[in-house]
Amino acid sequence: MINKFRGTGTAIVTPFHNEGSIDFKSFERIIEYQIENGVDYIVFMGTTGESVTLSPEERNAVVNFAVELVAGRLPVVIGIGGNNTGELTTAIQDMSFEGIDAVLSVSPYYNKPQPKGIFNHYREIGGVCPVPVIIYNVPGRTSSNIDAETTLRIANDIPNVIGVKEASKDLEQCGRIIKDKPADFLVISGNDELTLPFMALGGDGVISVIANAFPAAFSRMVKLCLNNQYQEAREIHLQLLDIVQAIYADGSPSGVKAVMQMKGLCKNVLRLPLVKINKGLSNHIAGILERMDLDG
């Protein structure tokens, strides 16, 4: 099971038409672009997919479309998270998981729970979810870090939780998890710019934003890391460094959607409260793309 999620997972964007409705034609193009260019799995309905701005009906439509289009060619992961444990477990029990391989579930935000509360939150989710669960630790968005001790306790005590997407940017914390985790527990990078050093510590891969625009290059870098070919991986990492930094400078997924429009993959349309990146940054990104010598 865990081998399904070693490598590169793309946290996919949700493309919109100019008036704001979901652009399923572009969505198909983006998904096929990912599959053709060698990513290992795709994550739908995450932060990058602007899932919190979609209605329940739209979320269902996106998931159903994705599952039907992917058709088992790659594993499918769905973001399902929240800060109301009871509501979340009810939603999971009411959901169909046909064609879905795992759930990515963000740590409770805003509430700032104690470690005991975080552990019990994932115990409840793991107990009702019919597919494996991956923790998503992203303190920059939740205002609450899952410390290494809590992650390791979850890893050892909740069988259906099979890994963690670590976006704490704390490589010491990531290293302590990797050092003491069970052999069958995945530790996945949540930061594109730190993926190479993260994997040098022994990480299992990444759930990436930049892979929306550069799936071939980024997934190749990750595969090289998994094979301990760090000199070649470093060359790709350094070539991508400027564009990775730029796409986060004015918010995400605003930056990567600007890149994807420049590459002809979808329109640069977001839903409020997100807006497009500023003109200066857009020009800067266009200049970086002109100088880059990488395939998709």
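Structural remarks
- Sole exception among (1) over 18 Å from Asn137 (Cα atoms); (2) in contact (Cβ under 8 Å) with a residue 60 or more places away in the chain; (3) surrounded by fewer than 21 Cβ atoms within 10 Å (Cβ to Cβ) for Ala71, by number: (2)
- Filter result for Ala246 (at pLDDT 95 or above, small (Gly, Ala, Ser) and under 18 Å from Arg29 (Cβ atoms)): no
- Tally of residues being over 18 Å from the mean Cα position of the chain (by Cα), among the aliphatic types (A, V, I, L, M) and crowded, with 16+ Cβ neighbours inside 10 Å across the stretch 229-245: 2
- Condition met for Val206 (out of contact with any Pro (no Cβ under 6 Å at 6 or more places or on another chain), touching a residue at least 40 places away in the same chain (Cβ under 8 Å) and either among the β-branched types (Val, Ile, Thr) or closer than 19 Å to Val77 by Cβ (or both)): yes
- A single entry from Val52, Val39 fulfils the requirement of being under 19 Å from Thr14 (Cβ atoms), of a type in the set (A, V, I, L, M) and crowded, with 21+ Cβ neighbours inside 10 Å: Val39.
- The listed residues are Ser107, Ser143, Ser96, and the only one of them that is within 21 Å of Lys4 (Cα to Cα), out of contact with any Pro (no Cβ under 6 Å at 6 or more places or on another chain), among the small types (Gly, Ala, Ser) and without any contact (Cβ under 8 Å) to a residue 60 or more places away in the chain turns out to be Ser96.
- Candidates are the residues of the stretch 1-21 that are of a type in the set (A, V, I, L, M) and out of contact with any helix residue (DSSP H, G or I) (no Cβ under 6 Å at 6 or more places or on another chain); the one that is surrounded by the most Cβ atoms within 10 Å (Cβ to Cβ) is Ala11.
- Failed item in (1) under 30 Å from Asp23 (Cα atoms); (2) in a loop (DSSP other than H, G, I, E, B), with Val256 passing the rest: (2)
- Whether a residue is β-branched (Val, Ile, Thr) and assigned to a helix (DSSP H, G or I) was assessed, and Ile154 passes this test.
- Among the residues of the stretch 46-64, the one identified as assigned to a helix (DSSP H, G or I), touching a residue at least 40 places away in the same chain (Cβ under 8 Å) and within 21 Å of Pro132 (Cα to Cα) is Val62.
Here is a yes/no grid of residues against (1) touching a residue at least 40 places away in the same chain (Cβ under 8 Å); (2) exposed (fewer than 15 other Cβ atoms within 10 Å of the Cβ); (3) farther than 27 Å from Lys25 by Cα:
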position	(1), (2), (3)
Cys225	no, no, yes
Val256	yes, no, no
Leu265	yes, no, no
Val275	no, yes, no
Gly280	no, yes, yes
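- Hits in the stretch 1-21 - residues which are touching a Phe, Trp or Tyr at 6+ places or on another chain (Cβ under 7 Å), more than 18 Å from Lys276 (Cβ to Cβ) and not in a helix (DSSP H, G or I): Thr8, Gly9, Ile12
- So Ala167, is it closer than 17 Å to Gly205 by Cα, in contact with a Pro (Cβ under 8 Å, 6 or more places away or on another chain), crowded, with 21+ Cβ neighbours inside 10 Å and free of Cβ contacts under 8 Å to residues at least 60 places away in the same chain: yes
The values are calculated or read from the model by the stated rules, or taken from the named source; none is laboratory data. Nothing here was measured: the structure is a model prediction, and the numbers come from that model. Virtual Cβ from ideal backbone geometry, glycine too; neighbours counted across all protein chains shown.
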